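The values are calculated or read from the model by the stated rules, or taken from the named source; none is laboratory data. Because the structure is predicted, anything quoted here is derived from the model rather than measured. Note: ideal-geometry Cβ built from the backbone for every residue, glycine included; neighbour counts use all protein chains shown.
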Amino acid sequence: MPAHKLEAEDNTPHEYGDLLLSYLEQLGVEYVFGIPGGAIEPLYNALARSERRGGPRAIATRHEAGAAFMADGYWRNSGKLGVCCATTGPGATNLITGVASAYENNVPMLVITAQTALSGFGTSAFQESSCTGINTVELFNHCCRYSTLVSHTGQLEHKLTTAIMTAFAEPMGPVHLSIPIDVMRATPSHPLPRVDLPDLLRKPALFDGDAVGRLYSELTLAKKPLFVIGDGAGEAIGLILNLALGLNAQLVVTPHGKGLVSPYHPLFRGVIGFSGHQSAQQLLTDPEVDRIFIIGAQLSEWASQGWEPALHQQRIIDIEASESNLTKTLMATLHVRGRLESIFEAVLKRFANKGFDKPFQTSATDDVNQAIPADKEPTRQFSLDDEHKYCSDASPIKPQRLMRELPNIFPANTHYLADVGNSFSWATHYLHPHDRRISGRRDAKGGLFRASLNFASMGWAIGSAIGTALARPDKPVVCITGDGSLLMNGQEITVAVEEKLPVVFVVLNDSAYGMVKHGQRMSGAEEIGFSLPVTNFAAFATAMGVEGHIIYSAKDLLELDCRDFFKKQKPTLLDVRIDQNEAPPIGLRTQTLKVNT
């Protein structure tokens with residue numbers, strides 16, 4: 001670019017869009033996901049200037065819901081605020097599904113939508129979505145922790161900082177700013193932020209000291225303790241695993257927390273809840289388990305799946321940073337609130353000070369890590385449904401065999417994202433990455449397995465995998481999705497093409513909305529509305545400039561050099577023709593539906 005062009009741009013008056021991006025730059029945010037439009041043009045002008053100076057840049061998605069899914073994946077794997085935006089009217093309403101998913105999964109996200117000019121409110125302006133039109137502020141109020149209209153320039157800085165602080169408060173979640181085009185375009189009296197947001201967002205090491213003392217007592221009294229770990233335990237997972245080893249505490253995870261513990265950990269007994277393992281579920285009601293320590297877990301239907309904590313209240317100790325999680329265990333013997341990292345550091349120090357001769361590490365950042373030796377074959381301490389199908393050579397390939405082989409063909413540090421539907425069900429039960437770590441330092445950002453539960457939006461994993469790859473360019477990323485989800489949101493793969501991201505998309509192709517089909521059959525419902533046309537997704541991939549392969553059998557899969565996919569500057573798609581008659585492990589879910597009808 002010529003020098004005079006840069007000089008001219010340097011002299012461009014700052015607008016409120018530039019000020020907003022300066023705040024995001026303070027926080028280390030690298031990307032803003034969304035789709036441009038007339039009413040949000042000032043923000044995109046500011047993004048263009050930001051990109052030229054090395055600040056946050058725009059990632060153009062193909063649908064606004066995809067923008068929210070990508071922002072979700074970016075936060076989960078970077079720890080930085082996810083940011084998405086849309087123009088007014090349908091651009092804003094298209095965001096809602098992705099934002100609602102973030103709300104249900106406590107994902108901190110800044111959602112920016114445009115408004116027509118203030119002077120046009122009430123005049124049926126093009127795509128008007130003010131309080132006199134389709135009121136988007138009110139719509140987002142139902143799926144955001146904070147939703148507000150910036151009605152004049154004097155409000156923007158205060159409402160922006162309030163929104164971001166609210167996004168990271170407990171419970172975390174999305175926040176929404178609706179900004180009219182004339183407000184975004186105005187020139188502020190000061191070009192730089194006046195508030196130190198990183199300082200305001202710094203979390204103090206707060207916890208209830210008395211409750212931690214009682215927690216220590218409960219841990220010392222436990223003869224057969226059980227740790228139930230959810231995704232909220234991420235920041236303290238290294239400490240928790242150190243403590244579990246010292247106490248010989250058995251470990252189970254919720255579906256949300258599956259990626260935080262090695263499936264080959266000697267104390268790991270599997271996943272509870274939806275599509276989980278019988279060995280794990282049985283421990284929740286085992287009379288020999290005298291203490292159940294629930295840690296950072298949302299005991300939603302996905303996680304509890306028929307288990308009623310109220311029936312076991314005398315054994316339950318709930319340890320949470322989020323107040324909302326505590327509402328699922330109101331009758332527990334003990335509630336411990338505070339930052340989990342601080343709580344477990346304090347507990348481990350108490351054990352160390354007592355001179356216990358057990359292998360406690362008092363810090364999650366100790367240099368020493370314990371791991372299963374590389375020359376020793378890792379083994380699982382829990383069983384699988386239909387274990388014989390895990391090794392089947394049948395064609396079309398059994399989904400069980402597919403899940404067994406994915407960790408064999410991809411690197412050990414691969415991040416897997418499983419989409420809603422049968423993809424999640426098969427992956428939760430049968431996918432077990434070759435993670436050998438059992439204690440010491442852990443990567444709390446996302447873990448090796450992620451799914452978006454509760455609101456359960458189809459296609460989430462497709463967008464989230466792209467956000468994950470942008471957040472962690474050093475890690476292999478694999479998206480496990482179904483043909484239904486791909487037909488719904490597969491266009492977002494072209495974003496991975498444009499950004500040169502080597503994400504591998506594994507498509508479970510059974511020409512059906514699989515969970516609908518098998519759910520209807522297992523529950524005795526009418527079989528209707530689940531069929532999808534036979535589709536060649538490898539050809540679909542080729543049309544998008546993506547390398548595509550059709551997989552009929554395990555042999556087809558193993559003949560590919562799948563590790564080579566991550567050396568390329570583009571995504572790869574595997575069209576896996578799975579056995580259509582294999583029912584996923586969703587029996588507990590169908591039983592719940594029967595009870596509720």
| What about ALA525, is it of a type in the set (A, V, I, L, M, F, W, C), in contact with a strand residue (DSSP E or B) (Cβ under 9 Å, 6 or more places away or on another chain) and assigned by TED's automatic domain parsing to the domain that holds LYS500? | no
| note | Picked from the range 311-327 (must be in a helix (DSSP H, G or I) and either outside the structural domain of GLY238 (by TED's automatic domain parsing) or out of contact with any strand residue (DSSP E or B) (no Cβ under 8 Å at 6 or more places or on another chain) (or both)), the residue modelled with the lowest pLDDT is LEU311
| Does the range 28-86 hold any residues that are of a type in the set (Lys, Arg), at pLDDT 95 or above and assigned to a loop (DSSP other than H, G, I, E, B), and which are they? | ARG62, LYS80
| request: List every residue pair whose Cβ atoms sit under 7 Å apart, with the two residues 6 or more apart in sequence or on different chains, where the first one lies in the range 192-221 and is part of a loop (DSSP other than H, G, I, E, B) and the second, anywhere, is surrounded by 12 or more Cβ atoms within 10 Å (Cβ to Cβ) and of a type in the set (Val, Ile, Thr). | output: VAL195/THR161; ASP208/VAL336
| query | Only one of HIS158, HIS176 is without any contact (Cβ under 8 Å) to a residue 24 or more places away in the chain and assigned by TED's automatic domain parsing to the domain that holds ALA92; which? | reply | HIS158
| said: Every residue in the range 486-530 that is at pLDDT 95 or above and among the polar types (S, T, N, Q), please. | reply: ASN489, GLN491, THR494, ASN509, SER511
| Any residue at all in the range 43-54 that is charged (D, E, K, R) and either in contact with a Phe, Trp or Tyr (Cβ under 8 Å, 6 or more places away or on another chain) or farther than 26 Å from VAL195 by Cβ (or both)? | no
| message | Can you tell me which residue is surrounded by the most Cβ atoms within 10 Å (Cβ to Cβ) among those in the range 401-438 that are among the hydrophobic types (A, V, I, L, M, F, W, C) and not in a helix (DSSP H, G or I)? | response | LEU417
| field | Close pairs (6 angstrom Cβ cut-off, 6 or more residues apart or separate chains): in a helix (DSSP H, G or I) in the range 87-116, among the β-branched types (Val, Ile, Thr) and at pLDDT 95 or above anywhere | value | ALA92/THR113; VAL99/VAL111
| remark: Condition set among the hydrophobic types (A, V, I, L, M, F, W, C) and more than 24 Å from the chain's Cα centre (by Cα), scope the range 277-306, selection nearest to GLN381 (Cα to Cα): answer is LEU283
| Complete set of residues in the range 270-310 that are in contact with a Gly (Cβ under 9 Å, 6 or more places away or on another chain), of a type in the set (A, V, I, L, M) and not in a helix (DSSP H, G or I) | VAL271, ILE294, ILE295, ALA297, LEU299
| remark: Within the range 303-338, residues over 20 Å from GLY246 (Cα atoms) and touching a Phe, Trp or Tyr at 6+ places or on another chain (Cβ under 6 Å) come out as GLN305, GLY338
| task | Return a yes/no flag: does the range 476-485 have any residue that is surrounded by fewer than 24 Cβ atoms within 10 Å (Cβ to Cβ), modelled with pLDDT under 95 and in contact with a strand residue (DSSP E or B) (Cβ under 9 Å, 6 or more places away or on another chain). | result | no
| request: Run LYS398 past the list (1) surrounded by fewer than 19 Cβ atoms within 10 Å (Cβ to Cβ); (2) at pLDDT 95 or above; (3) not small (Gly, Ala, Ser) and report the number of the one that doesn't hold. | output: (1)
